[in-house]
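What follows is a short report on a single structure.
The values are calculated or read from the model by the stated rules, or taken from the named source; none is laboratory data. Note that this is a predicted model, so its numbers are computed, not measured. Backbone-built Cβ (ideal geometry, glycine too); neighbour counts: all protein chains shown.
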Amino acid sequence: MMSRRCFTPCIALSLVMLLVAGCERRSEGMSLRVDGQALTLPNRAVLSGLDFTLHERAVEDGALQAEAVIAQAESDEMGQFSVEFPRRSSFSLRWMAEADRHFPASGTLDPDDLYPNEPYPLELGMYPVCTLHVNLASVAPEDSTDRLQFNLGEDFDCACCPTDPIVLEGVGADSSWSCLMYGDHWMTWGGDLEVALIGQPDGLFVDSVFCPAFGAAALNLTW
């Protein structure tokens, strides 16, 4: 039989243990985690030094809050990174990624796809940068009615080299510029040439140029 002397301390100890257990139960599942793998495309080489940022818009006290940065990480020598953040009533999750000599990337995560104690796998493919030098030059014999319409192809879904048509007319109508495109890819181009003098090739020309990753390529069209 329990003595009166230990009855009160035992009850107090039991209450403390219940409170601690209750707190532990409530703390479970209060955080989410994203495990990422950074790669350079198209060869899928591991990419270290990638900066990953996660932005969230959450509902608090019935009101939609402004977007805020909730987690940041940098990929290691194996291209791996991990972020952990509090579990809340997320309205949206948006990520951004940057890496040296790569085009930046961004995307979204569906908050409903993230679960406590289950790391969410995220593979980030980053396109390397290549510099394309375009040189368009007319040479003799030339005529004032000569005309060239040139444009690069819409090969990449990014703010890369401009694809608007360029029209050059007359004598000495040259043009040259440089722009960035995806590395280890081909860039298509087309030219519609009309010349007045005999001996000059004319007609529609379609071709492509390969630009190596982290390097440069030149597209030279003489007309």
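Quick notes on this one:
- Answer residue from the stretch 105-141, given it is within 18 Å of residue 36 (Cβ to Cβ) and of a type in the set (Gly, Ala, Ser) and is nearest to the chain's Cα centre (by Cα) among those: 105
- Leading residue by the ranking (surrounded by the most Cβ atoms within 10 Å (Cβ to Cβ)) among those in the stretch 125-174 that are out of contact with any Lys or Arg (no Cβ under 9 Å at 6 or more places or on another chain), farther than 19 Å from residue 206 by Cβ and aliphatic (A, V, I, L, M): 126
- Candidate set: the stretch 45-56, residues that are of a type outside the set (A, V, I, L, M, F, W, C) and in contact with a Lys or Arg (Cβ under 8 Å, 6 or more places away or on another chain); chosen: the one farthest from residue 184 (Cα to Cα): 56
- Residue match in the stretch 91-114 (condition: in contact with a strand residue (DSSP E or B) (Cβ under 6 Å, 6 or more places away or on another chain), modelled with pLDDT under 95, buried (at least 19 other Cβ atoms within 10 Å of the Cβ) and over 21 Å from residue 80 (Cβ atoms)): no
- Flag if residue 110 is closer than 30 Å to residue 48 by Cβ and either touching a residue at least 40 places away in the same chain (Cβ under 8 Å) or in the same structural domain as residue 78 (by TED's automatic domain parsing) (or both): yes
- Residue in the stretch 192-199 that is closer than 17 Å to residue 131 by Cα and in a loop (DSSP other than H, G, I, E, B) present: no
- Exclusive hit being more than 19 Å from residue 113 (Cβ to Cβ), of a type outside the set (Val, Ile, Thr), free of Cβ contacts under 8 Å to residues at least 60 places away in the same chain and in contact with a Lys or Arg (Cβ under 7 Å, 6 or more places away or on another chain), set 65, 72, 80: 65
- The criterion of at least 1 residues that are more than 20 Å from residue 40 (Cα to Cα) and among the β-branched types (Val, Ile, Thr) is met, among strands (runs of 3 or more DSSP E) falling completely within the stretch 131-185, by 166-169.
Quick grid of which residues meet (1) in the same structural domain as residue 156 (by TED's automatic domain parsing); (2) within 25 Å of the chain's Cα centre (by Cα); (3) at negative phi; (4) at pLDDT 90 or above:
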| position | (1), (2), (3), (4) |
| --- | --- |
| 183 | yes, yes, yes, yes |
| 195 | yes, no, yes, no |
| 211 | yes, yes, yes, yes |
| 218 | yes, no, yes, yes |
